[in-house]
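Quick notes on the structure that follows.
Please treat every number below as a calculation from the coordinates, not as lab data. Since the structure is predicted, the reported quantities are computational estimates derived from the model, not experimental observations. Please note: Cβ atoms are built from the backbone with ideal geometry, for glycine as well, and neighbour counts cover all protein chains shown.
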Amino acid sequence: MSRSPSLPDRPRLDLDPEMSDAERLAAIRQHYERLLTVNDELDERLSTATDRQEELREEVEQLKRRNETLKTSSLYLATVEELTDDGIVIKQHGNNQEVLTEASPHLDSELEAGDRVAINDSFAIQQLLDDETDSRAQAMEIDASPTVSYEDIGGIDEQVREVREAVEDPLTNPEMFEKVGIQPPSGVLLYGPPGTGKTMLAKAVANETDATFIKMAGSELVRKFIGEGSRLVRDLFDLAGEREPAVIFIDEIDAVAAKRTDSKTSGDAEVQRTMMQLLSEMDGFDDRGDVRIMAATNRFDMLDEAILRPGRFDRLIEVPKPAPEGREKILEIHTRDMNVASDVDFGDLAEQLEDYSGAEIAALATEAGMFAIRDGRTEVRRQDFDDAYEKVEDAEEQTTIPGPTTYQY
Ligand SMILES: Nc1ncnc2c1ncn2[C@@H]1O[C@H](COP(=O)(O)OP(=O)(O)OP(=O)(O)O)[C@@H](O)[C@H]1O
């Protein structure tokens, strides 16, 4: 550390008793001048020191913030079991280890048995967390009786057939598999571009088999606290077991099942742990009864091979964008409740909608209806579809980055 230069010497006033009054006066004046100079110099030093102090204060604040971030990124989850005179008994999630610990002073009076808390490496309670059921409810979408049916899905008949075979038959006709002596597929992975009907397929199969549909987005499984993602995976499978027959649908599975990277950050390690939990739940799946597992991804190329092994997601079904006949079917489905004029030829329109996904076709139909309403009509004409097409294309041009979107499977 560099030492700051020493302070200027304090000026001394030497008055000789022999001096005349005039000489004394001159000496005092000179002394006064020197005092002024030193004063100016000290003023300048003080202002430099104040600036430096401000800089250092900012640096300290930054370090404090970094320290806080570091602390929170390595927190573990636990549940408060008991508040005793000797301390707080907590049970760590994941390993169920019971520990006698203490809480940060600001939390002391707030804690109650049953609270979900975040603890640091030394088991000290750092944060009081939301109720677990809240966090579960946020992460999962549960639909006891979905209303989507196979008739609502257009252009992917072959995929519907495959899904029925892999998911529906084992639920409705398990004896068939026993008689033939084969295991039904463990998990079905739907892959393909966004908006092609993957979620619809999962909902429709749940509807058809009177199963509860339980959806979890892979991104929801990527959690802040260590152990939280794997806990959610366990909860997901437990809940499906309680509600059987049930169809578990994990959307965006790539968020937790991407290929391993070289990066060693704790976030990646936590995602790995969540994936391992998912794999172990799937491996122990035989005893789970009437629960079927489906997952979807737009990024098949990113998936870790481990999840595709036999006994895991071992039935892969590609759900592509629809061909012209498929687009025509989807147009018909999404205009079923509309009053469409006789001049609208869906075959012709479908040809025009090259590269459109089912979701985009659904949006186009709604937009055409909006044009009719704007014109004060209830009947939707070909011109409305053309206007809607133009609007969608214009919006597309403004938002897309040049170059076609490619999906690698
Ligand atoms: N094949 C289809 N037939 C009829 N409608 C479809 C079809 N595909 C998509 N849609 C429409 O698009 C909406 C979104 O579709 P869905 O959520 O099933 O797509 P997804 O493939 O799961 O998309 P993502 O990968 O973005 O989750 C549906 O609610 C439906 O209105």
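The dipole here belongs to the chain: it is taken about the Cα centre, uses +1 on the Cβ of Lys and Arg and -1 on the Cβ of Asp and Glu, and is about 920 debye. Taking the number of Cβ atoms within 10 Å of each Cβ as an exposure proxy, the fewest-first ranking of Leu128, Leu75 is Leu128, Leu75.
A simple spin-label model places pseudo-atoms 7 Å from Cα toward Cβ; at Glu41 and Met176 they are separated by 9.9 nm. For the chain, modelled as a GNM with alpha-carbon contacts under 10 angstrom, which of Gly218, Gly227, Gly369 fluctuates the most? The residue that fluctuates most here is Gly369. Among Thr297, Thr209, Thr147, the order by Cβ neighbours within 10 angstrom, fewest to most, reads Thr147, Thr209, Thr297. Backbone N atoms of the range 156-177 closer than 20 Å to the 7 Å Cα→Cβ label point of Glu332 belong to residues 156-162. Each Cα pair under 8 Å and six or more residues apart adds its sequence gap; the mean of these over the residue count of the chain is a relative contact order of 14 percent. Once backbone amide H atoms are built at 1.01 Å from N, Glu82 has Val89 as its partners under 5 Å, excluding neighbours fewer than 5 places away on the same chain. Within the listed set Asn39, Asn95, Asn120, the residue fluctuating most in the Gaussian network model of the chain (springs between alpha-carbon atoms under 10 angstrom) is Asn39.
Between Glu379, Glu305, Glu23, the Gaussian network model of the chain with springs among Cα atoms under 10 angstrom shows the greatest mean-square fluctuation at Glu23. When Lys and Arg each count +1 and Asp and Glu each count -1, what net charge do the other residues less than 13 Å away from Leu308, Cβ to Cβ, add up to? Overall, the nearby charge balance is -1.
The overall shape of the range 8-125, judged from the alpha-carbon gyration tensor, is prolate: a/c is not under 1.5, and a/b is greater than b/c. With neighbour counts taken as other beta-carbon atoms within 10 Å, the residues Glu168, Glu102, Glu351, Glu110 rank, fewest first, as Glu110, Glu351, Glu102, Glu168. If you plug the beta carbon distance of Glu244 and Ser149 into 1/(1 + (r/R0)^6) with R0 = 25 Å, you get a FRET efficiency near 0.70.
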